[in-house]
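Okay, structure first, notes after.
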Amino acid sequence: MTTYFGAIADDFTGATDLAGLLARSGVEVSLRIGVPDRPPADPAPIEIIALKCRTAPVDEAIKETRAALDWLRDAGAKRFFWKYCSTFDSTPRGNIGPVAEALMKALKTDQTIYCPAFPENGRSIFMGNLFVGEQPLAESPMKDHPLTPMRDSNLMRLLEPQVTLAVGLTNRHTVAKGPQALRDSLAKLKDSGVAHVVVDAVANDDLFVIADACQDLTLLTGGSAVAMPLPRLWLNQGLVKRRDVEGEHRFEDGPAIVLSGSCSAMTNRQVAAFLGQGGRPSLKLDPLELAEKGAGPALEWLSHQDLSKTPILYATAAPDAVRAAQERLGTDRAGALVETALASCAAAARDLGIRRFVVAGGETSGAVTKSLGVTRLDIGSEIAPGVPWCFARSGNHDVAITLKSGNFGNEDFFAMALEVLDA
Ligand code: ADP
């Protein structure tokens, strides 16, 4: 099998979000964590490479994405996607624009589109302005993001300082007229030298129009939602095939564990709901204790539990407790202590026979997959929008793992994840 669609994501849970939406089509989706060291041996029709370059220095981000592009081309990919956050997380230096321009150059293409809209999740674009729910981006909580504060809502103005070529817009009135109107608009903009085109989308239907009109562009860029309709279009043309039902998604029989390092409001509710079910062996990790005693006591605790009851290990805490730990230890150290402890517990759990892992937290997911030695995830069914079950090899075992970023999923996510897998 060769790859048709190759995507590069600028962060880890963004990649799983994209993978989950693309896998809805029934086409096999494979996610690689970082650029694989080896050339593609058994590529899937849709390959996604998850990088961690959202806030990396521009040169580094370009170098990594170029390496990812080379790998995807070796896998046979003909269409490419540069996936970033639906809130356009970037600074005047980058990395959305510079990476897109470097990919365009490498692919010898002279135009691409920018569409971070995700109407189902309240992200819409009108006249080039991005809205989060009913708020313009620059009035949303994103204005105070610690690394990429978004102080303007206009995507053309945000993009212009990031790129060298001309930026333009195809607005909603054109998109609403359908794919041919959008194609005509892109062609007209190309004739006047516009390389970077922001495309409005306020409703789900707009995404289908955009996918239809842009399916033959070599490079598309955007959030996960604009890519979602593409596999079905390609299925209809016989360019990709649905996965065989036989023999897919194997994982060994074995108990499950929940590892939660996210402190988002939703994860706090999810942990409380899971504990509220009663009968779960549970251990709360405290960064201050970890600083003193390390992960040893948690590992010791785990080795004495009845694993068939789905233990939960969590550092999830309310904002004031998190702040208190950060003040004592420093934000980075507190985070690293928790991530290291949960990562060690994941590997120990696997060695004790655990074969299903439910992980909460973007950074936490990165640490856990690294510790489990997972480099490739085969994407299965979605538990919640943007959170699929994934299947992987870890220490010579076939395991199932789901990686949930902060605010994703409903309150009963942990129990639901286990049900979806048993179904
Ligand atoms: P999210 O997806 O919700 O952002 P992440 O795992 O990406 O979750 O980030 C949460 C960060 O907070 C991690 O670095 C984690 O180690 C850290 N953390 C978790 N629990 C605590 C705590 N009780 N005190 C301080 N930091 C914590």
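Numbers for the structure displayed
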| read-out | value |
| --- | --- |
| Distant alpha-carbon pairs in region 256-422 (separation over 20 angstrom), percent | 46 percent |
| Relative contact order (%) - criterion: Cα under 8 Å, at least six apart; region: the chain | 18 percent |
| Over region 180-288: Rg over Rh, Cα atoms, Kirkwood Rh | 1.19 |
| Proportion of all alpha-carbon pairs of the chain beyond 30 Å (%) | 42 percent |
| Listed peptides 55-62, 327-334 by packing density, highest first (mean Cβ within 10 Å) | 55-62, 327-334 |
| For region 1-78, fraction of C-alpha pairs farther apart than 18 Å, in % | 35 percent |
| Between region 122-143 and region 309-331, the Cα center-to-center distance that results, in Å | 31 Å |
| Accessible area of region 1-55 divided out per residue, in Å², using a probe of 1.4 angstrom | 31 Å² |
| 20 °C / 1.002 mPa s Stokes-Einstein diffusion coefficient of region 87-211, Kirkwood radius on C-alpha pairs, µm²/s | 145 µm²/s |
| Out-of-range pairs (alpha-carbon distance over 18 Å; input LYS83/LYS241; LYS52/LYS370; LYS52/LYS83; LYS83/LYS177; LYS63/LYS190; LYS284/LYS370) | LYS83/LYS241; LYS83/LYS177; LYS63/LYS190; LYS284/LYS370 |
| Loop sites in region 230-308: trypsin sites (Lys or Arg not before Pro), DSSP, at most 14 other Cβ within 10 Å | LYS241, ARG250 |
| Per principal axis, descending, Cα span of region 56-114 in whole Å | 32, 23, 19 |
| Rel. contact order, % - alpha carbon contacts under 8 angstrom, at least six apart, region 13-146 | 17 percent |
| Scattering curve values for region 5-237, log₁₀ I(q)/I(0), Debye with Cα scatterers, q = 0.08, 0.10, 0.15, 0.18 Å⁻¹ | -0.25, -0.40, -0.96, -1.45 |
| Surface per residue (accessible, 1.4 Å probe) for region 256-422, Å² | 41 Å² |
| Solvent exposure ordering (accessible area, 1.4 Å, most first) of PHE391, PHE131 | PHE131, PHE391 |
| Accessible area of the chain belonging to carbon and sulfur atoms, whole % at 1.4 Å probe | 49 percent |
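The values are calculated or read from the model by the stated rules, or taken from the named source; none is laboratory data. Predicted model, so just to flag it, every value in this text is computed and none were measured. Methodologically, a virtual Cβ is constructed for each residue, glycine included, from the backbone with ideal geometry; neighbour enumeration extends over all protein chains shown. These accessible areas exclude ligands, DNA and RNA; they are computed on the full protein's heavy atoms, side chains included. Shrake-Rupley method; radii C 1.70, N 1.55, O 1.52, S 1.80 Å.
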